[in-house]
Amino acid sequence: MSEYILEISHVSKYFQGLVAINDLSMKVKKGQIYGIIGPNGAGKTTLFNCITGIYRPEIGQILWKGKDIKGSNPYKIAELGILRTFQTIRLFAEMSVAENIMSGRHIKSKQRWYNGVIPTPAYVRDEKANWEKVGELMDFFNLTEYATIPAGDLSYGIQRRIEMARALAAEPELLILDEPAAGLNENETLELTQTIRKIQEMGVTIMMIEHDMEMVMSLSEYITVINFGAKISEGVPSFVQDDPVVIEAYIGSDEEDEDE
Amino acid sequence: MMNKTSLIAIALLVFMGFFPLFVDSAWLAVGTTFLVFSVVALSQDIILGRAGVFHMGHAMFFGLGAYTTAILNVNFGLPILATWAPAVLVPMLVAFVMVAPIIHLRGDYLLVATIGFNIIFIQVLENDIFGLTGGPNGLFGIDVVRVLGFDFSSQTHMYYMAFILLGITLFIMRNLDKSKFGRAMFYIHKDEIAAQSMGINVRYFKLYAFILGAGIAGAAGSMFSVQYSAVSPEAFNVTQSIMFFTIVLVGGSASLPGVLIGTFVMFVLPEMFREFETARYLVFGVAMILTMILRPRGIWPVRFGNIPDFLKKGVK
Ligand SMILES: Nc1ncnc2c1ncn2[C@@H]1O[C@H](COP(=O)(O)OP(=O)(O)OP(=O)(O)O)[C@@H](O)[C@H]1O
Ligand SMILES: [Mg+2]
């Protein structure tokens, strides 16, 4: 088997004629932090949606440990150990923080079909072990004091932490983060950077879309730059940073913004 | 530790337990039907309040249980006791076969499809398919429950049997809410995409909700047919389905006390205003409108955050 845990090869995704992703390829090594950057509307989120099964790309392959997972149902992809957060936070707003994180334990829970109706000693043990894991994650993400509070009532920064805790509760092999620093203040971003490092130290591979250049450059070992659905550059942060094509793409998009 | 809700629950339990001692037979029958309808409404709430599936054909599952008992007893002479298991299993099987092909449909589309099933069901009953259902008049002369030579034939017996059935249902619902299965239904209800992305098989858990809900409604149907010793199609038509649907929303989706209150408001209150004849249905309509305006999440809404105590230690 190759050293790459995830191999995306020649993937294209169309929306009614619009090319959202255009012949995109990349390889992610186990244990790596892999950054994806690009101007707004470049197709970064669409790529994550293709990996996690929300969209099925028309062309190409998405190989997870050598097996094509393209078009699999999202729940099956999560069962494989690929968990994600969302750019537009998607929590179970009315449910408590603890219950939100507990959803991450779903695939780890060993309850049998009849445990929805009758409790058994094995069920009781399973339930307890999973709640304890939720407790550990709340400690790790400094969420303990909000355990019973509906997730939707909390601030943006805290909600981002809940989403990461929820994904991590499933003990992922690959954690996919879509703009984890969006909407965070400077302190929160600093904290997040440390948290992501700690998660990597646990042995989790991380893919991350981020507009905060300082953060993405400091964390990533390798970066792919996307514009208009296609790869325009890739390499280590120091290379990508100075690549004229990348600078051009960002300046181009800035000018567009000014025109609006 | 005792909280307010458990105290109210115990007071209510004691009241319901002694209820037959101080009412006449007419009110006893209302009490029994209240218990049976509560069971049906709770089972509707598994599908609607927990899994969040807009299902408006629940009277069909209720009717399938009732007719299974009636047909097996009246046409085939089986004792009532022997019809209990089929009365639960037949609705479960029908739920699986009918709902599996449409479970992926979005809210409003699925709503229409479930109404369609209910209408077909009534047509089948009224046209006396295979000569088993007795057509528009239904079936009469359903036996009572007999165990070892003892007949549970009085209205008081009926009441306590329904009381036990409600107890079992509440036991099941509590377990459901405290298991991975009930939680998965809530996650799907609140955000289907997020739920899927956490590894939840949406199709499986929606079907689970349907099949479990159908089985419980079937048990209530069997009880209902024995209570009245007769079944007829109009007790299971779309209007009844609308009532069960409404009970859940008026009382409070996914809230056990809410659904019991909903059943009381939508079924017992109109009985209290019986002397006003059809005007009593005014209560029905007014209650629906007022609740949706004043308390859109129901009279007694669900409260989340029922987590183990050891996780609440750090809460400020
Ligand atoms: N479901 C969809 N249907 C149609 N078009 C879509 C859909 N999802 C995304 N698109 C389009 O695909 C393109 C890429 O969008 P995407 O969300 O992937 O961009 P992005 O790189 O994540 O941008 P941002 O940095 O703003 O989040 C955009 O033009 C968007 O409008
Ligand atoms: Mg995006």
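The values are calculated or read from the model by the stated rules, or taken from the named source; none is laboratory data. Just so we're clear, the structure is a prediction, and the values are computed from it rather than from any experiment. In this analysis, Cβ positions are derived from the backbone assuming ideal geometry, glycine residues included, and neighbour counts consider all displayed protein chains. Surface areas here come from the heavy atoms of the whole protein model, side chains and all, with no ligands, DNA or RNA. Shrake-Rupley method; radii C 1.70, N 1.55, O 1.52, S 1.80 Å.
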Q.
What's the total number of residues in segment A:180-204 that are polar (S, T, N, Q) and free of Cβ contacts under 8 Å to residues at least 12 places away in the same chain?
A. 2
Q | B:Thr133 vs. criteria within 14 Å of B:Ser232 (Cβ to Cβ), β-branched (Val, Ile, Thr), open to solvent by less than 50 Å² (accessible area, probe 1.4 Å) and touching a residue at least 12 places away in the same chain (Cβ under 8 Å) | A | yes
Q: Report the residue count in segment B:255-271 for those that are open to solvent by less than 10 Å² (accessible area, probe 1.4 Å) and either modelled with pLDDT of 90 or more or not aliphatic (A, V, I, L, M) (or both).
A: 6
Q: Scan (1) within 14 Å of chain B (Cβ to nearest Cβ); (2) modelled with pLDDT of 95 or more for the single condition A:Val225 breaks and write down its number.
A: (1)
Q | Positions within segment A:32-53 being in contact with a helix residue (DSSP H, G or I) (Cβ under 6 Å, 6 or more places away or on another chain) and either within 8 Å of ligand 1 (Cβ to nearest atom) or within 14 Å of another protein chain (Cβ to nearest Cβ) (or both), in sequence order | A | A:Gly38, A:Pro39, A:Thr52, A:Gly53
(Q) For the condition within 16 Å of ligand 2 (Cβ to nearest atom) and under 30 Å from A:Ile37 (Cβ atoms), what is the one hit in A:Ala167, A:Ala151, A:Ala182? (A) A:Ala182
Q: Could you tell me which residue of segment A:8-50 is nearest to ligand 2 (Cβ to nearest atom), considering only residues that are of a type in the set (D, E, K, R) and open to solvent by 40 Å² or more (accessible area, probe 1.4 Å)?
A: A:Asp23
Q: Can you confirm whether segment A:61-78 contains a residue that is at the interface with chain B (Cβ under 7 Å from one of its Cβ atoms), within 16 Å of the chain's Cα centre (by Cα) and more than 16 Å from ligand 1 (Cβ to nearest atom)?
A: yes
**Q.** The listed residue being assigned to a helix (DSSP H, G or I), of a type in the set (Val, Ile, Thr) and more than 27 Å from B:Val238 (Cα to Cα), out of B:Thr156, B:Thr169
**A.** B:Thr156
Q) How many residues, within segment B:172-230, are surrounded by fewer than 23 Cβ atoms within 10 Å (Cβ to Cβ) and at positive phi? A) 1
Q. Can you name the number of the only condition in (1) within 8 Å of chain B (Cβ to nearest Cβ); (2) within 17 Å of the chain's Cα centre (by Cα); (3) away from ligand 1 (no atom under 16 Å from the Cβ); (4) among the polar types (S, T, N, Q) that A:Asn100 fails?
A. (1)
